[in-house]
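A short worksheet on the structure shown next.
What follows is calculated from the coordinates using simple rules that are stated; it is not laboratory data. This is a predicted model, so every value here is computed, not measured. We place every Cβ from the backbone using ideal geometry, glycine too, and count neighbours over all the protein chains shown.
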Amino acid sequence: MKNMTLTVGLVGLGAHGANHVKILEKLGHEVLGVDADTAARESFQEQYDATTFESLEKLYESSMDNRSSISSAALITGPTYFSRNSSLVV
């Protein structure tokens, strides 16, 4: 079976999100980060050399402009209330 590389939008770049990105990168997937907190985005960019966005809308706009991946996914790693509200946006 052919390996599939995913481009994953990771929503929430705190400690929980950091655990997810380590696993996703180890599996060979591209990770795009989303967080409203500028400091969290900057830290994530420096640590993982990943592209980040300030909102789900910005991530979505970017993904529509650049559809180079075979598949795409979004993983929400924030608190439960945030996950519910974020899923209603998409």
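Remark: spin-label model distance Thr38-Glu25 equals 2.4 nm, labels positioned 7 Å along the Cα→Cβ axis.
Amide H contacts of Phe53: Gly33, Val34, Asp35, each under 5 Å away and 5 or more positions distant or on a separate chain (H built 1.01 Å from N in the peptide plane; Pro and chain starts excluded). Sorted ascending by nearby beta carbons within 10 Å, beginning with the fewest, Glu54, Glu46 become Glu46, Glu54. Distant-in-sequence amide contacts of Leu6, defined by a placed amide H-H separation under 5 Å and a gap of 5 or more residues or a different chain, comprise Glu30.
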